[in-house]
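Visitor: Structure incoming, see below.
The values are calculated or read from the model by the stated rules, or taken from the named source; none is laboratory data. Bear in mind the structure is a predicted one, so any value in this text is a computation, not a measurement. Methodologically, a virtual Cβ is constructed for each residue, glycine included, from the backbone with ideal geometry; neighbour enumeration extends over all protein chains shown. Calculation scope for accessible area: heavy atoms of the full protein, side chains included, ligands and nucleic acids excluded. Shrake-Rupley method; radii C 1.70, N 1.55, O 1.52, S 1.80 Å.
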Amino acid sequence: MGIREQWQSRWGFILAAAGSAVGLGNLWGFAYRASEGGGAAFLLLYILIVLIVCLPVLVAEMVLGRSTGSSALLAPVKAAGDRWGLLGWLFVIAPLGIGSYYAVLMGWTLDTFFHALFVGLPSNISEAEMFFGSISSGTSVLLGQLVSLLLTAAVVAAGIRGGIERLTRWGMPILFALLLILAIWAATLTGTWEGYRTFLLKIDVNQFFNPSTIRNAFTQAFFSLSLGIGIMVTYSSYLDKRKQLPKEALSVASLDTAVGLLAGMITFPIVMSFGLKEVISGSTVGTLFISLPTGLGTLGVTGRVVAILFFALAYIAAITSSISLLEVPVSSIMDRLGWNRSKAVFVSTTLLFILGIPSAMNLNLLGKIDSIFGGVLLILGGFVLSIFLGWIVPRKFDEDLSECNSNIRVRRYLKFMLRWVSPPIIAFGLIVSVIDLVKNWSA
Ligand code: TRP
């Protein structure tokens with residue numbers, strides 16, 4: 001096997017990692033979780049979890065990748081021996097699970113984009129629901145899923161620099177620009193303040209104790225940061241020793257959270273100004289694809305332009321995330337079996353397509369697979385990661401961070417958090433989430 005590829009520039013890595021983080025989770029996931037009733041309590045919990053719990057874990061994941069220079073499958077074994085092989089498998093299985101339905105969501109996004117572009121927007125809620133029904137079933141959903149997977153595969157096949165870094169380097173700036181323009185536009189709507197207030201500012205203290213709100217906040221934090229299952233391990237394995245990881249982690253987390261908030265400042269005013277609040281709470285996974293186009297539909301040409309921009313933005317966000325999901329199995333296969341990139345991409349993509357068919361056919365199932373692979377497993381992964389780098393191989397953590405000359409106080413702080421703070425809080429989040437999930441499913 002040849003020499004391992006490396007990112008071309010510091011920004012190449014940050015934009016790629018931020019590209020992985022910023023995705024449908026920030027737009028679709030944030031909108032639907034925030035609308036499940038947690039309000040500002042959900043938002044506050046989510047931000048606290050990111051700051052207190054996720055940041056140290058993010059650094060830990062990066063350290064694991066860089067210090068071993070291995071794919072997610074092999075990194076734990078390389079760091080601590082064969083006994084940790086299972087962790088490597090968790091790191092590969094979870095992205096496969098997420099990647100399978102992520103392509104389905106991308107398909108919906110693409111269909112909605114084309115519909116807004118060529119046909120127009122729905123004129124009322126029932127029309128929107130009918131349209132969503134048509135894109136989320138039958139051959140049209142499979143087609144959208146397939147096209148999205150093929151696009152993703154094409155980028156990953158072109159490699160780290162030639163594919164992933166190149167796409168994120170132009171995609172992310174466009175995404176940020178579009179997001180800002182749309183947020184400014186949304187600030188001028190009549191229902192804007194009502195929207196901010198209802199979803200982002202109104203704190204209902206009881207919600208802090210609502211298990212579903214707690215689960216939503218943990219899930220949103222981990223999912224949105226692409227944390228807990230080896231994405232950051234994989235991306236960091238292509239990183240050289242000079243980069244100061246704590247700083248990179250902070251940039252990635254800030255960009256991701258900023259995008260989540262900005263996205264909320266776009267979606268919620270739209271939902272509120274067109275009196276769609278009731279609708280949003282009635283449908284969960286379809287929120288973004290039903291109420292948004294309906295709201296925008298009442299605004300004539302402006303609404304249509306906004307919808308086209310928004311779904312274009314969503315698709316860019318999604319593809320910079322889906323490439324990270326595909327890169328995990330691809331790099332693991334290359335590492336483990338010594339295959340070349342194209343063959344690994346072909347096999348992984350085919351696998352993702354097949355695994356995604358059940359979710360494509362059944363909305364309910366998609367929601368369930370999301371709560372397991374995109375929820376509980378990430379929180380579990382985050383828990384194991386903090387134990388792993390905080391207690392099992394703490395030397396790796398120290399060595400790697402001192403090699404890149406990161407500030408000693410920052411390093412001490414991170415290690416303290418990783419050992420004493422993250423594990424109990426994540427364990428709490430995990431237990432609450434599992435119980436809440438079981439209760440919801442058996443209800
Ligand atoms: N973070 C991405 C989003 O917000 C999705 C994603 C990509 C992801 N890779 C991941 C989620 C790894 C969890 C783990 O849409």
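Visitor: Only one of these conditions is not met by residue 252: (1) open to solvent by 10 Å² or more (accessible area, probe 1.4 Å); (2) under 18 Å from the mean Cα position of the chain (by Cα). Which number is it?
Guide: (1)
Visitor: May I ask you to say which residue of 171, 162 is surrounded by fewer than 14 Cβ atoms within 10 Å (Cβ to Cβ), over 25 Å from residue 45 (Cβ atoms) and not aliphatic (A, V, I, L, M)?
Guide: Residue meeting the stated conditions: 162.
Visitor: I want to confirm something. Restricting to region 10-30 and keeping residues that are away from the ligand (no atom under 12 Å from the Cβ) and over 14 Å from residue 176 (Cβ atoms), which single residue is surrounded by the most Cβ atoms within 10 Å (Cβ to Cβ)?
Guide: Out of the qualifying residues, it is 13.
Visitor: For residue 192, are the conditions met, namely being within 30 Å of residue 41 (Cβ to Cβ) and not acidic (Asp, Glu)?
Guide: yes
Visitor: Restricted to region 68-78, and to residues that are of a type outside the set (D, E, K, R) and open to solvent by 20 Å² or more (accessible area, probe 1.4 Å), which residue is nearest to the ligand (Cβ to nearest atom)?
Guide: Of everything passing the filter in region 68-78, 74 is nearest to the ligand (Cβ to nearest atom).
Visitor: Conditions first: (1) within 14 Å of the ligand (Cβ to nearest atom); (2) within 18 Å of the chain's Cα centre (by Cα); (3) assigned to a helix (DSSP H, G or I). Residue 65 passes all but one, so which condition is the exception?
Guide: (2)
Visitor: Given the structure, is residue 93 more than 19 Å from residue 16 (Cα to Cα), open to solvent by 30 Å² or more (accessible area, probe 1.4 Å) and within 15 Å of the ligand (Cβ to nearest atom)?
Guide: yes
Visitor: OK, next. Kindly provide the set of residues from region 34-59 that are open to solvent by less than 10 Å² (accessible area, probe 1.4 Å) and of a type in the set (D, E, K, R), ordered by number.
Guide: None - no residue of region 34-59 is open to solvent by less than 10 Å² (accessible area, probe 1.4 Å) and of a type in the set (D, E, K, R), so the list stays empty.
Visitor: Another one. Among the numbered criteria (1) polar (S, T, N, Q); (2) within 15 Å of the ligand (Cβ to nearest atom); (3) in a helix (DSSP H, G or I); (4) buried (at least 24 other Cβ atoms within 10 Å of the Cβ), which single criterion is violated by residue 213?
Guide: Evaluating residue 213 over (1) polar (S, T, N, Q); (2) within 15 Å of the ligand (Cβ to nearest atom); (3) in a helix (DSSP H, G or I); (4) buried (at least 24 other Cβ atoms within 10 Å of the Cβ) leaves (2) as the failure.
Visitor: Give the residues of region 309-321 that are within 13 Å of the ligand (Cβ to nearest atom) and open to solvent by 10 Å² or more (accessible area, probe 1.4 Å), sorted by residue number.
Guide: Residues satisfying the conditions are 315, 316, 319.
Visitor: Considering only residues that are open to solvent by 10 Å² or more (accessible area, probe 1.4 Å) and touching a residue at least 60 places away in the same chain (Cβ under 8 Å), which ones fall in region 103-114?
Guide: 110, 113, listed by residue number.
Visitor: Here's another thing I want to ask about it. Would you confirm whether any residue within region 356-364 is within 16 Å of the ligand (Cβ to nearest atom) and touching a residue at least 24 places away in the same chain (Cβ under 8 Å)?
Guide: yes
Visitor: Would you mind stating whether residue 234 is more than 14 Å from the ligand (Cβ to nearest atom) and open to solvent by less than 10 Å² (accessible area, probe 1.4 Å)?
Guide: no
Visitor: Does residue 227 satisfy the criteria of being among the hydrophobic types (A, V, I, L, M, F, W, C), within 16 Å of the ligand (Cβ to nearest atom), outside any helix (DSSP H, G or I) and modelled with pLDDT of 90 or more?
Guide: yes
Condition check ((1) among the acidic types (Asp, Glu); (2) without any contact (Cβ under 8 Å) to a residue 24 or more places away in the chain; (3) under 19 Å from residue 26 (Cα atoms)) across all residues:
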| residue | (1), (2), (3) |
| --- | --- |
| 126 | no, yes, no |
| 133 | no, yes, no |
| 136 | no, no, no |
| 145 | no, no, no |
| 158 | no, yes, no |
| 164 | no, no, no |
| 173 | no, yes, yes |
| 196 | no, no, yes |
